[in-house]
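> Can you keep this structure in mind? I'll have questions shortly.
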Amino acid sequence: MAGTAVLGRLTWQVGRVVNSMVETPRVKSLTLELPAWGGHRAGQHVDLRLTAEDGYQAVRSYSIASPPEVGSVVVTVERLDDGEVSPYLVDELRVDDQIEVRGPIGGYFVWEISQGGPLFLVSGGSGIVPLMAMIRHRLAGGSEVPIMLLYSSRSHDDVIYGTELEALAAMEGIRVVQTYTRVQPPGWEGYSRRIDESLLGDVAPPPGERPLIYICGPTALVEGVASSMVALGHEPTRIKTERFGPTGR
């Protein structure tokens with residue numbers, strides 16, 4: 001049975017776009033309806049495949065933004081100017097269009113309510129996507145696990161899920177801290193720099209609380225944060241990371 005399940009995840013199927021939502025000028029969330037979706041865990045990703053008329057194929061991985069409690073799959077895509085796939089997904093794909101999907105994939109960078117907490121989530125740019133799936137899972141599952149989210153963006157206009165983050169910040173048991181590395185909003189009194197050890201020391205739960213730490217974003221950010229958390233006294237075994245290529249943050 002386990003082999004059958006793995007085979008199912010690695011089999012391509014054709015999904016249909018049922019909703020498209022603009023998150024920022026460069027980022028869009030796509031809701032996909034899949035004929036044979038067996039569910040996923042918060043933090044997993046899917047592969048999307050595009051096939052050109054001449055047969056050329058391009059495959060890219062995208063984190064799942066939706067929680068396991070919903071039946072559809074939401075992927076949030078940032079347009080990369082030199083990308084083969086993301087410009088099409090963000091600028092061209094429309095509701096009712098079809099796309100090939102494979103997944104869910106990944107079993108390391110995941111969180112389930114049964115694992116407990118508290119959670120300390122650190123993200124840069126579109127690295128917030130799998131972390132948002134974890135937060136949404138916590139809410140949909142009725143959990144009261146404390147969550148602290150530290151999110152780095154170039155500017156306020158680059159914040160993904162901005163309205164949702166404002167609502168989350170007002171909820172009991174959830175704290176949201178943002179830092180803007182390039183342009184700050186008028187009157188901004190929060191952090192205005194890249195995430196460093198000093199900033200982490202200000203906002204992270206103390207090591208004694210033994211938080212589960214998830215870090216996702218560009219490689220330099222992820223490696224720097226992970227090293228800083230260990231230097232601050234946190235257990236390496238409670239730190240999980242996921243990284244992607246540089247995006248200039």
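The values are calculated or read from the model by the stated rules, or taken from the named source; none is laboratory data. A quick note: this is a predicted structure, and the numbers were derived from the prediction, not measured. Virtual Cβ from ideal backbone geometry, glycine too; neighbours counted across all protein chains shown.
> Among the candidates Arg175, Arg210, Arg136, single out the residue that is within 26 Å of Arg243 (Cβ to Cβ) and buried (at least 18 other Cβ atoms within 10 Å of the Cβ).
Going through Arg175, Arg210, Arg136 in turn, just one is within 26 Å of Arg243 (Cβ to Cβ) and buried (at least 18 other Cβ atoms within 10 Å of the Cβ): Arg136.
> Residue by residue through the range 196-246, note down the ones that are under 21 Å from the mean Cα position of the chain (by Cα) and on the phi > 0 side of the Ramachandran plot.
Gly217
> Also: In the range 186-201, is there at least one residue being basic (Lys, Arg), surrounded by fewer than 21 Cβ atoms within 10 Å (Cβ to Cβ) and farther than 28 Å from Val46 by Cα?
Within the range 186-201, one or more residues are basic (Lys, Arg), surrounded by fewer than 21 Cβ atoms within 10 Å (Cβ to Cβ) and farther than 28 Å from Val46 by Cα.
> A follow-up question, please. Taking Glu235, is it acidic (Asp, Glu) and either surrounded by 15 or more Cβ atoms within 10 Å (Cβ to Cβ) or at pLDDT 95 or above (or both)?
Criteria met by Glu235.
> List pairs: first residue in the range 16-30 and without any contact (Cβ under 8 Å) to a residue 40 or more places away in the chain, second residue in a strand (DSSP E or B) and not acidic (Asp, Glu) anywhere in the structure, Cβ distance under 6 angstrom, at least six positions apart or on different chains.
Short answer, once both residue conditions are applied: Met21/Ser29; Val22/Lys28.
> Moving on. Can you give me the number of residues within the range 24-49 that are farther than 26 Å from Glu112 by Cα and crowded, with 17+ Cβ neighbours inside 10 Å?
Within the range 24-49, residues that are farther than 26 Å from Glu112 by Cα and crowded, with 17+ Cβ neighbours inside 10 Å number 3.
> Right, something else. Restricting to the range 204-220, name every residue that is in a helix (DSSP H, G or I) and either within 19 Å of Ile135 (Cβ to Cβ) or of a type in the set (Ser, Thr, Tyr) (or both).
Listed by number, the residues that qualify are Glu209, Thr219.
> Which of the residues spanning the range 7-26 are of a type in the set (Val, Ile, Thr), outside any loop (DSSP other than H, G, I, E, B) and more than 19 Å from the chain's Cα centre (by Cα)?
Val14, Val17, Val18, listed by residue number.
> Still on this structure: Among the residues of the range 159-180 satisfying the criterion of being of a type in the set (Gly, Ala, Ser) and assigned to a loop (DSSP other than H, G, I, E, B), which is nearest to Pro118 (Cα to Cα)?
If we take residues in the range 159-180 being of a type in the set (Gly, Ala, Ser) and assigned to a loop (DSSP other than H, G, I, E, B), then Gly173 is nearest to Pro118 (Cα to Cα).
> Could you tell me whether any residue of the range 181-203 is part of a strand (DSSP E or B) and free of Cβ contacts under 8 Å to residues at least 24 places away in the same chain?
Within the range 181-203 (the criterion being part of a strand (DSSP E or B) and free of Cβ contacts under 8 Å to residues at least 24 places away in the same chain), the answer is yes, since at least one residue qualifies.
> In addition: Of all the strands (runs of 3 or more DSSP E) wholly in the range 27-112, which have at least 1 residues that are on the phi > 0 side of the Ramachandran plot and modelled with pLDDT of 95 or more?
98-105
> Can you tell me which condition Pro118 does not meet? The list is (1) outside the structural domain of Arg194 (by TED's automatic domain parsing); (2) farther than 17 Å from Cys216 by Cβ, and all the others hold.
Only one criterion in (1) outside the structural domain of Arg194 (by TED's automatic domain parsing); (2) farther than 17 Å from Cys216 by Cβ is unmet by Pro118, namely (1).
> Further, regarding this structure: Select from the range 132-158 the residues that are part of a loop (DSSP other than H, G, I, E, B) and touching a residue at least 12 places away in the same chain (Cβ under 8 Å) and list them in ascending order.
Within the range 132-158, Gly141, Ser143, Glu144, Val145, Pro146, Arg154, Ser155 meet the criteria.
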